[in-house]
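Right, one structure below, let's go through it.
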């Protein structure tokens, strides 16, 4: 899955619109660094709602909130991902990158 995610990031990097707006981003790794950097500027709930990912946000928020904040569930749950969960996270990243690429492709004709 990591290879697919990186391939999608590289596809994003090859798009002129992306290159024009983010000229400092030159690698797949820097795409993910930029996403992480931007993710702290606005609340995740608002971002999720803006792109119709409310359900995904609530699922992830409820799961991670129970891990981060002390409650009875916290004692029965590890604080990091195990090897079985990593593919799920990478798959989700890949799906979101695919949506980003599709959105850019749909938006590009409007700029011409």
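Bear in mind that the values in this text are calculations on the coordinates, not laboratory data. Predicted, not measured: the structure shown is a model, and the values here were computed from it. Using ideal geometry, Cβ is built from the backbone for each residue, glycine included, and neighbour counts are taken over all protein chains shown.
Here are the numbers for this structure:
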item	result
Where labels lie 7 Å past Cα in the beta-carbon direction, separation of residue 56 and residue 92 in nm	0.9
Where labels lie 7 Å past Cα in the beta-carbon direction, separation of residue 103 and residue 35 in nm	1.2
